[in-house]
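Written below as structure tokens is the structure these notes are about.
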Amino acid sequence: MALKKDYEDIPGTLVFDADRGREGYHLNQFCISLRLQGNRDAFNADEGAYLDRYPMTAEQRQAVVDRDWNRLLELGGNIYYTSKLGANDGITFQQLAGLMTGMGNEAYRKMMVDGGRPPDGNRYQHEWDDKGEN
Amino acid sequence: MARITAGVGCSHVPAIGVAMDLGKTDEPYWAPCFAGFEKSREWIKDARPDVVFLVYNDHCTVFDASFIPTFALGCAAEFAPADEGWGPRPVPVVRNHQVMASHVAQSLILDEFDMTIMNEMEVDHGLTVPLSLMFGDLGVDDEWPCLVIPLCVNVVQYPAPTGNRCYNLGKAIRRAVESFDEDLKVVIFGTGGMSHQLQYKRAGLINKEWDTQFMDRLTSDPVGLSQTPHVEYLREAGSEGVELVMWHIMRGALDDEVDEVHRHYHVPASNTAVGHIILANREYPGVAK
């Protein structure tokens, strides 16, 4: 019997569960390799050759090349891993959030200083559907 | 015998470590975050723990996707701060009470909590940021004022261990500590949280009301609080808010009745609500002032 995923109706949220961990394995292992300077140097010298070392899917590879931060998560990436690719590019966690939310850095930073994104209206997918967000 | 005297709950936001390491703590953005730890630093000087038992999560630093233990106990002699992609934090090497750690490992496993034993391990911001918050600025040539036994909990890949499991692990840690012969004072830290979501389109979620009830119930209803289902953390406190299960390990290791000594809450540190609490066992009035 399938496990019940009672967290799938949370809007704008991809829970990194065992299925996502399986799908994203090689993508995440690529990302975490960039924790080390030697690997960052090799990646930055020749992205294509470095990516050849990791048997990720063509879609995952393209999302890396495109730095498509949300797509990386949709394809099994996890933020603690993809943030290493961000760090390699000089992008902080908070700047990544500005990109993933589509708000941009300044608006996102201001939202956080003003107390963050409120839970009201952001708990269930139907609340976003009603607002026309996805 | 060794005794657990108090518990500390504390966020471990990496940007807090960066702010300390770059000398930014007096800047208007950071000052209110750090102000709430001034009392804590005085308190822990008086509490004088010999050992800190520090519950945290590794952020894919030691355990990448290839290896994900639910519970891993640090049994090495020492733990160097890790390079997380921007160089190791300039803080002291963390030294273990290695004899006590191996005693705890053996006790926990016989108590049916199956630990992964780490005889080599670096430690990331999850461990060093709470130490910095509680003990202040210390450089690479300094020493932390106590020994540290690290316990890593998987909260990165869902599911984290349940709150109930964590609470009961806290009780087993207490039994392990109290069966250790040396006369030692132990303070247990539960770290991570509070509400935050770092990823995808809902990033930036903060839920002060939910965080507040969480801290309230650590004293008034710890057992009930430990029954909180994972989906409630994810929905109410954000996808990374599930780190708060680690606070239940800290709480489970304390007496049923505790006194809240200090509390601090601040939004934001980068993407996160910073929460901090000190709970003291009542048989240690010197600690609970």
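Pairs of Cα atoms nearer than 8 Å and 6+ residues apart set the relative contact order; for chain B it is 31 percent.
Charged side chains reduced to their Cβ positions (Lys and Arg at +1, Asp and Glu at -1) give region B:180-289 a dipole of some 620 debye around its Cα centre. The chymotrypsin sites (Phe, Trp or Tyr not before Pro) of region A:101-134 meeting both criteria, a DSSP state outside H, G, I, E and B (loop) and at most 15 other C-beta atoms within 10 angstrom of the site's C-beta, are A:Y124. Would you please classify the overall shape of region B:221-289 from the alpha carbon gyration tensor, given that a ≥ b ≥ c denote the square roots of the eigenvalues, rounded means a/c under 1.5, and beyond that prolate means a/b larger than b/c while oblate covers the rest? It comes out oblate by the Cα gyration axes. Just the accessible area per residue of region A:56-134, please: how many Å² with a 1.4 Å probe? I get 47 Å² per residue for this part. Between the Cα long axis of helix A:79-88 and the first principal axis of chain A there is an angle of about 50°, rounded to the nearest 10. Per residue, the convex hull spanned by the alpha carbons of the protein assembly as shown comes to 142 Å³. Of the residues B:D141, B:D221, B:D50, the one that moves most in a GNM of chain B with alpha-carbon contacts below 10 Å is B:D141. From helices alone, chain B scores -9500 deg cm²/dmol at 222 nm; the rule is -39500 (n - 2.57) for each run of n ≥ 4 DSSP H residues, then divide by the residue total.
Long hydrophobic helices in chain B: none of the complete DSSP H runs spans 30 Å or more by Cα along its own axis with mean Kyte-Doolittle hydropathy of at least 1.6.
Each peptide in B:25-35, B:205-215, B:4-14 was scored by the mean count of other Cβ atoms within 10 Å over its residues; highest first, the order is B:4-14, B:205-215, B:25-35. Taking the DSSP bridge list for chain B and keeping only pairs wholly inside it, about 50 percent are antiparallel.
For the protein assembly as shown, give the share of DSSP beta bridges that are antiparallel, in percent and rounded to the nearest 5; count only bridges with both residues there.
In the protein assembly as shown, DSSP labels about 50 percent of beta bridges as antiparallel.
Within region B:184-204, the residues that become at least 30 Å² less accessible when every protein chain is included than when their own chain is isolated (1.4 Å probe; DNA, RNA and ligands ignored) are B:L198, B:Q199, B:Y200, B:K201, B:R202, B:A203, B:G204. Among B:I109, B:I188, B:I44, the largest mean-square fluctuation in a Gaussian network model of chain B, built with springs joining Cα atoms closer than 10 Å, belongs to B:I109.
Derived from the Cα gyration tensor, the three semi-axes of the equivalent ellipsoid of region B:23-150 are 27, 18, 13 Å, largest first.
Heavy atoms of the protein chains alone define the surface here; on that basis chain B has 34 Å² accessible area per residue at 1.4 Å probe size. Going from the isolated chain to the complete set of protein chains, region A:105-134 loses at least 40 Å² of heavy-atom accessible area (1.4 Å probe) at A:M112, A:R117, A:P119, A:R123.
Computed over neighbours whose Cβ is under 14 Å from that of B:I249, the net charge equals +3, Lys and Arg +1, Asp and Glu -1. Past 28 Å, Cα to Cα, is the threshold; run A:K84/B:K45; A:K131/B:K208; A:K131/B:K24; B:K39/B:K201 against it and keep the listed order. Listed pairs above 28 Å: A:K84/B:K45; A:K131/B:K24; B:K39/B:K201. Working note: 222 nm ellipticity from helices only, DSSP H runs with n ≥ 4, each -39,500 (n - 2.57), summed and divided by the residues of chain A, gives -15500 deg cm²/dmol to the nearest 500.
When the P(r) of region B:152-216 is calculated, the portion above 19 Å amounts to 53% of the C-alpha pairs.
Neighbouring Cβ atoms from other chains, within 10 Å of the Cβ of residues in B:229-237, number 4 on average.
Counting Cβ atoms of other protein chains within 10 Å of each residue's Cβ and taking the mean over peptide A:6-19 gives 6. Across the protein chains, with a 1.4 Å probe defining accessible surface, the residues A:V65, B:V52 rank A:V65, B:V52 from largest area downward. Each peptide in B:59-67, B:150-158 receives the mean, over its residues, of other Cβ atoms within 10 Å, and ordering these scores from highest gives B:150-158, B:59-67. With the Kirkwood sum run over all distinct C-alpha pairs, region A:20-134 has a hydrodynamic radius of 15.5 Å. Averaged over peptide B:269-282, the number of partner chain Cβ atoms lying within 10 Å of each residue's Cβ comes to 2. Determine the total buried accessible area between chain B and chain A, counting protein heavy atoms only with a 1.4 Å probe; round to the nearest 100 Å². Buried area between the two chains comes out at roughly 4000 Å². Kirkwood Rh, Cα Rg: Rg to Rh for region B:1-81? Reported Rg/Rh, Kirkwood definition of Rh: 1.01.
The values are calculated or read from the model by the stated rules, or taken from the named source; none is laboratory data. Worth saying up front: this structure is predicted, and the values here are computed from it rather than measured. Using ideal geometry, Cβ is built from the backbone for each residue, glycine included, and neighbour counts are taken over all protein chains shown. The accessibility values were calculated without ligands, DNA or RNA, using every heavy atom of the protein model including side chains. Shrake-Rupley method; radii C 1.70, N 1.55, O 1.52, S 1.80 Å.
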